[in-house]
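A short worksheet on the structure shown next.
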Amino acid sequence: MKSKIIKIFSLLVLFTSMLSAQGFVSNVSKRGTTAAPFLSIGQGARALAMGGAFVAIADDQSAMYWNPAGIADLSGNRIIFDHTQWIADINYNYVGATISLGSMGVVGLNFTSSSIPEMNVTTVDLPGGTGETFGVSDGVFGVTYALKLTDKFSIGFNPKFIYQKIWKMSASAIALDMGVKYVTPFKGITLGMSISNFGTKMRLADASTPVLYDPDPLTSGNNSRIPADIRTDKWTLPLNFKVGIAYDVLSGGGNRLVLAVDASHPSDNYESVDVGGEYVVNDFVFLRGGYKSLFLADSEEGLTLGFGIKQALIGNTAVTVDYAYEDFSRLKNVQKFSVGIIF
């Protein structure tokens, strides 16, 4: 079994090397050069409150976003409902559910959708609006599978379908998230690694993008019906490689203190570090704090805070309620609410 683990780690290292060879590693930030940027918005109030340092922890339903391998540790059936109050009056909703198959692993389903107010259609001649409105929508649906190869080592995959629509044009893509989680021989230390959004490119287009264009409408006698296509170019997804470490400083008697650090290497920005921690009181009250995007120049993200409660009900049923706040500097703040059910 150890040889299998070594082979898996070797494949992941090779895969990372391939990404670097294809230009994934760069001294240029490439900000704003990827499609579907909403894929980089983290899911789960607990993880956000800990500064997004969750790759090595990944032990609840939101692990399907952070590190698919994490759901291999989940027992029974679980579901999470997550709501994000994003900037510019944009809201995101996330639903995830996991089912344990015993020794065969754990499967999960997850869905993210946006809620964006409709906007007025404006032109150069009518800057106040034409009377028409247009909408924008984002969505992603994923199916997760995770398996414990040993009692210390887990691996997980999350293939997903991504969809975006802006007014009359739409785009779609298929991508894969994958991750590993390893409980080290050192007491209380867990390692995690994930690669997110490895997939096809996206291009906004529809049946209306082929048009007939007049390059000089003020001149008569020219060709006013030149075939043109106004669809966008193809853009890659926001690929991200993360490595994290978590340390259980205190564990026992229902109280627990865990600290975590994640290093992130995205394809559309510079590298950064997220740090966070969680203190559990009697397995009932959860206090959390963290800091996102350390060492990232000109980042609006920063301090994160949050709390949660867990209430046991009949039998093995329990309900969790979590809240997170993130300071977004000039863009004010982001707030997240999550409700989880374990049964």
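Taking the alpha-carbon distance from Lys187 and a cut-off under 13 Å, which aspartates and glutamates remain once sequence neighbours fewer than 8 residues away in the same chain are dropped?
Counting by Cα, and skipping residues close in sequence, Lys187 has these aspartates and glutamates nearby: Asp248.
What order do you get for Arg203, Arg225 when you list them from fewest to most C-beta neighbours inside 10 Å? Can you show the working numbers first?
Working: Arg203 17, Arg225 9.
Listed from fewest to most nearby Cβ atoms, that is Arg225, Arg203.
Summing Lys, Arg as +1 and Asp, Glu as -1, what charge do residues with Cβ under 11 Å from the Cβ of Leu296 carry, Leu296 excluded? Working shown, then result.
Working: positive: Arg31, Lys292; negative: Glu271, Asp274, Asp298, Glu300, Glu301.
Charge balance near Leu296 sits at -3.
At q = 0.13, 0.17, 0.21 Å⁻¹, what is the log10 ratio I(q)/I(0) for the stretch 284-343, with the Debye formula run over Cα points and no solvent?
-0.45, -0.64, -0.80
Set Lys and Arg Cβ to +1 and Asp and Glu Cβ to -1, take the dipole of the chain about its Cα centre, and tell me which of Gly139, Phe157, Val183 lies farthest positive.
So the residue furthest toward the plus end is Val183.
Give me the Debye-computed log₁₀ of I(q)/I(0) at q = 0.19 Å⁻¹ for the stretch 179-316, equal point scatterers on Cα only, no solvent, two decimals.
Log10 I(q)/I(0), no solvent term: -1.17.
What is the list of residues in the stretch 321-341 whose amide nitrogen lies under 20 Å from a point 7 angstrom out from the Cα of Glu300, following Cα to Cβ?
Within reach of a label on Glu300: 324-337.
Report the net charge of residues surrounding Ile341, where surrounding means a beta-carbon distance below 12 angstrom and charges are Lys +1, Arg +1, Asp -1, Glu -1.
On the way: positive: Arg78, Lys310; negative: Asp60.
Cβ neighbours under 12 Å give a net charge of +1.
How large is ³J(HN,Hα) for each residue in the stretch 165-170, as worked out from phi by the Karplus curve 6.51 cos²θ - 1.76 cosθ + 1.60 (θ = phi - 60°), to whole Hz, x for Gly and Pro?
9, 10, 6, 9, 9, 9
Divide the volume of the convex hull of the Cα atoms of the chain by its number of residues and quote the answer in cubic angstrom per residue. Each step should come with its number before you reach the end.
Details: hull volume 57.5 nm³, N = 343.
Given the Cα convex hull of the chain, per-residue volume reads 168 Å³.
Computed over the Cα atoms of the stretch 146-201, what is the convex hull's projected area averaged over all directions, in nm²?
Details: hull surface 19.9 nm².
It is 5.0 nm².
Once you treat every alpha carbon in the stretch 243-343 as an equal point and sum by Debye, what is log10 I(q)/I(0) at q = 0.13, 0.17 Å⁻¹?
Reported log10 I(q)/I(0), two decimals: -0.58, -0.89.
Under 8 Å for C-alpha pairs, at least 6 residues apart: give me the relative contact order for the chain, rounded to a whole percent.
Working: 928 pairs, mean separation 65.1, N = 343.
It rounds to 19 percent for the chain.
Angle between the Cα long axis of helix 2-21 and the longest principal axis of the chain, 0 to 90 degrees, nearest 10?
Its long axis makes an angle of about 30 degrees.
Considering only Cα-Cα distances, which of the following residue pairs are longer than 18 Å: Lys148/Lys292; Lys152/Lys181; Lys165/Lys242; Lys30/Lys168; Lys242/Lys292?
Working: Lys148/Lys292 30 Å; Lys152/Lys181 8 Å; Lys165/Lys242 29 Å; Lys30/Lys168 27 Å; Lys242/Lys292 13 Å.
In this structure, Lys148/Lys292; Lys165/Lys242; Lys30/Lys168 exceed 18 Å between Cα atoms.
Taking only the C-alpha atoms, wrap a convex hull around the stretch 219-282 and report its volume per residue in Å³ as a whole number. Display every interim value, and only then the final one.
Details: hull volume 10.7 nm³, N = 64.
Dividing the Cα hull volume of the stretch 219-282 by its residues yields 167 Å³.
Read-outs: derived from the displayed coordinates by stated rules, not from any lab. What you see is a predicted model, and the numbers here were worked out from it, not measured in a lab. Cβ atoms come from the backbone with ideal geometry, glycine included; neighbour counts cover every protein chain shown.
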